[in-house]
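No value in this document is a laboratory result; all are computed from the given coordinates. Here the structure is a predicted model, which means the values were calculated and not measured. Ideal geometry is used to build each Cβ from the backbone, glycine not excepted, and the neighbour counts take in all protein chains shown.
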Amino acid sequence: MTTAIEPLAATAAERFHGERRQVLDPARADVLAEIPDATAADVDAAVAAARAAFERGEWRGTEAYERGTVLERAAARIRDHAEELARLDCANVGKPITQARGDVEGAALYLESAGRVVATLASEIVEDTDRQLTLVLRDPVGVVATIIPWNYPAALAAASISGPLAAGNSVVMKPSPETPLSALRIVELISDFFPAGTLQLVTGGADVGRALVRHDGVDRIGFTGSTRAGVEIMAGAAPSFKRVGLELGGKSPTVVFADAPLEPAIASALARITANQGENCAAGSRLLVERSIRDEFLERLAEAARAAVVGDPADEDTAFGPMITSAHRDRVLEYVAGARRESSLIAEGEVPGDGRLASGFFVPVSIWESRPDHRIWREEVFGPVLAVADFSGEREAVELANDTRYGLMAHVWSGDGARAVRVARQIRAGIVRVNRGFEPAFGPWGGYKASGFGRNFGRWGIEANSELKQVCLDLTPAA
Ligand code: NAD
């Protein structure tokens with residue numbers, strides 16, 4: 001255990017009283033820490049503290065402008081500890097350190113953008129006559145429980161709490177049991193900025209998540225995770241009319257037309273399946289290439305894939321690291337075995353030769369000529385496995401892109417701007433990037449179809465965590 005992790009584990013052991021779970025470094029299968037799960041009583045205590053803070057009303061009663069300033073200060077605190085947080089996610093997720101640094105900056109941006117925008121979200125006047133004045137006020141929902149996955153622990157910790165806090169709610173966050181470290185540290189760093197009890201964290205797995213979904217003291221669930229769990233959460237939240245936001249899985253297409261700028265399109269197609277080891281809700285796991293450039297594009301992509309450095313996540317030039325657990329590695333390898341039967345191999349990388357990483361949960365990147373009835377085309381693999389098909393013309397491109405139950409993200413590459421926009425409009429996904437990689441964009445984040453509903457980030461994340469109230473005043477003079 002490194003010194004940065006020891007105090008986190010000690011604090012968790014004081015606060016949570018359930019069974020201890022090992023938290024691993026997936027590049028070496030080393031134990032980084034043992035963190036106890038929250039018990040039912042620990043969950044009750046966290047929800048009660050959040051509820052009491054909400055009822056006291058200090059945070060929701062604070063001017064929006066002032067709440068925004070607090071969130072900006074929280075973002076600055078995260079930036080002050082950026083390298084430490086990035087090292088925690090690098091070690092615990094196995095993500096390359098260069099990407100972990102980007103994630104932490106993303107965490108700060110989430111809080112900062114919510115802080116900046118909340119001050120500008122004035123109540124609206126929708127009727128203004130001599131006889132009446134109708135206002136639309138925004139109320140916080142109450143206590144929001146956020147449940148997040150293991151693939152972007154720091155970024156999603158901040159993303160999940162930024163909208164609810166900006167809107168004036170109290171929050172109970174539950175990180176993934178595989179990756180609680182950076183979320184524990186973020187809450188430790190920023191919770192003192194908020195009135196006592198407003199920001200809570202509980203550790204544990206699906207059962208702790210279920211306890212929050214059932215809990216009478218919780219008013220909304222902000223969930224990020226698998227589509228399977230999203231279905232269960234929606235059903236579990238129904239009897240108590242809890243509000244739900246669901247950020248779920250994806251099977252996102254990268255569509256490359258023959259007139260695309262090839263160099264950046266190839267780099268992006270590869271990055272979209274290797275970034276975060278392909279363990280990415282928005283992974284570009286289906287590649288659609290126009291037939292006339294298919295051979296050249298795939299040859300160059302294959303060459304780049306074989307050259308991508310898989311290895312120690314702490315090395316500055318590593319492109320991708322190991323899978324999160326041995327169980328998840330085995331699941332990804334099952335998909336690869338299925339692809340060997342159904343699809344044709346275009347290119348395959350290697351696992352690291354470094355003996356110190358021999359116990360790590362690595363799988364090589366692989367690229368497969370595929371068809372829409374193949375498993376790797378239809379299902380979210382959540383690893384560096386890319387399914388490729390070719391097309392001719394816009395109509396076929398759109399049909400193939402939309403032939404999925406998911407609708408989170410799409411990339412469109414074309415030298416013809418009007419066509420790229422036409423195609424972007426027809427793709428059924430919440431986020432479409434045109435001639436652009438994964439660099440952040442200040443827009444709503446969320447999906448269509450089985451990728452969930454509700455939007456995160458900025459104004460949209462605040463609105464999703466607010467109730468709207470109509471207040472109508474009669475202005476007719478008293479008789
Ligand atoms: P998961 O659904 O297994 O777990 C996510 C979180 O939910 C964890 O904290 C887990 O403990 C908890 N959980 C699991 N089942 C639950 C239940 N029935 N009730 C309450 N809580 C429950 O997902 P994962 O394996 O941790 O993460 C990978 C998934 O997350 C992928 O499908 C990925 O696409 C998705 N994801 C989506 C986004 C997005 O923005 N759309 C972002 C990141 C990850």
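Mind running the shape call on the stretch 28-75? Use the C-alpha gyration tensor, a ≥ b ≥ c as the square roots of the eigenvalues: rounded below 1.5 for a/c, prolate if a/b tops b/c, oblate otherwise. Judged from the Cα gyration tensor, the stretch 28-75 comes out oblate (a/c at least 1.5, b/c at or above a/b).
Just how far, in whole angstrom, is the stretch 167-237 from the stretch 53-96 if you go by their alpha carbon centroids? Between the Cα centre of the stretch 53-96 and that of the stretch 167-237, the gap is 15 Å. Among 368-380, 346-358, sorting by the average number of other beta carbon atoms lying within 10 angstrom of each residue, highest first, gives 368-380, 346-358. Amide H contacts for L408 (H built 1.01 Å from N in the peptide plane; partners 5 or more residues away or on another chain; cut-off under 5 Å): K251, G430, Y448. For the stretch 191-251, what D do you get in µm² per second when you plug the Kirkwood radius from alpha-carbon pairs into Stokes-Einstein at 25 °C and 0.890 mPa s? Value of D from the Cα-based Kirkwood radius: 193 µm²/s. Helix 294-307 and the long axis of the chain differ in direction by around 80°, with both axes built from C-alpha atoms. What residues from the stretch 62-95 fall in the zone where the backbone N is under 15 Å from a label point 7 Å along the Cα-to-C-beta line of R116? The answer is 68-76, whose backbone nitrogens lie closer than 15 Å to the label point.
A Förster distance of 41 Å, applied to the separation of the beta-carbon atoms of F241 and A4, puts the FRET efficiency at 0.45.
The fraction of all Cα pairs in the stretch 344-474 landing in successive 10 Å bins from 0 to the largest distance is 10, 28, 30, 19, 9, 3, 1, 0, given as whole percents.
Write down, largest first, the equivalent ellipsoid semi-axes of the stretch 256-362 in whole Å, where each equals the square root of 5 times an eigenvalue of the alpha-carbon gyration tensor.
Details: eigenvalues 132, 55, 31 Å².
Value: 26, 17, 12 Å, ordered largest first.
Starting from the Cα gyration tensor of the stretch 389-449, take the square roots of the eigenvalues, sort them a ≥ b ≥ c, and report rounded, prolate or oblate (rounded when a/c is under 1.5, otherwise prolate if a/b is larger than b/c, else oblate). Taking the square roots of the gyration eigenvalues as a ≥ b ≥ c, the stretch 389-449 is oblate. How would the stretch 1-105 be classified by its alpha-carbon gyration tensor: rounded, prolate or oblate, with rounded meaning a/c under 1.5 and the a/b versus b/c comparison settling the rest? Oblate is the answer for the stretch 1-105, as a/c is 1.5 or above yet b/c matches or exceeds a/b. Sorting R433, R300 by the number of Cβ atoms found within 10 Å of their own Cβ, with the fewest placed first, yields R300, R433.
How tilted is helix 153-166 with respect to the longest principal axis of the chain? Cα atoms for both, answer in degrees (0 to 90, nearest 10). Approximately 30 degrees, to the nearest 10. Taking amide hydrogens as placed 1.01 Å from N in the peptide plane, the amide H of Q200 sits under 5 Å from those of V171, V172, M173, each at least 5 positions away in sequence or on another chain. Size of the chain from its Cα atoms: along the principal axes, largest to smallest, the extents are 81, 57, 40 Å. Between L24 and L32, the built amide H atoms are under 5 Å apart, and every one of these is 5 or more places off in sequence or on another chain. The alpha carbons of the stretch 53-128 occupy a box of 55, 28, 19 Å along the principal axes, longest dimension given first.
Quick one: helix 227-237 against the long Cα principal axis of the chain, what's the angle to the nearest 10°, folded into 0 to 90? So the helix axis and the longest Cα principal axis differ by about 20 degrees. Report the label-to-label distance for I125 and Y448 in nanometres (one decimal), using points 7 Å from each Cα along the Cα→Cβ vector. That separation, rounded to one decimal, is 3.9 nm.
Label-to-label distance, Q132 versus A314, with points set 7 angstrom from Cα along the beta-carbon direction: 6.7 nm. Using the average count of surrounding beta-carbon atoms within 10 Å as a protection proxy, the listed peptides 81-92, 140-151, 462-473, 28-39 rank, highest first, as 140-151, 81-92, 28-39, 462-473. In this simple spin-label approximation, R356 and V421 carry label points 7 Å from Cα along the Cα→Cβ vector, and these lie 5.2 nm apart.
Order these peptides, 232-240, 266-274, 435-443, by their mean beta-carbon neighbour count within 10 angstrom, highest first. Provide the component values of the computation, followed by the final result.
Numbers: 232-240: 15.0, 266-274: 23.4, 435-443: 12.7.
Going by the mean number of other Cβ atoms within 10 Å, highest first, we get 266-274, 232-240, 435-443.
On the beta carbon distance between L345 and E84, with R0 = 35 Å, the FRET formula returns roughly 0.30. Straight-line reach from K251: taking Cα to Cα under 27 Å and skipping same-chain neighbours fewer than 8 places apart, the lysines in range are K95, K174, K449.
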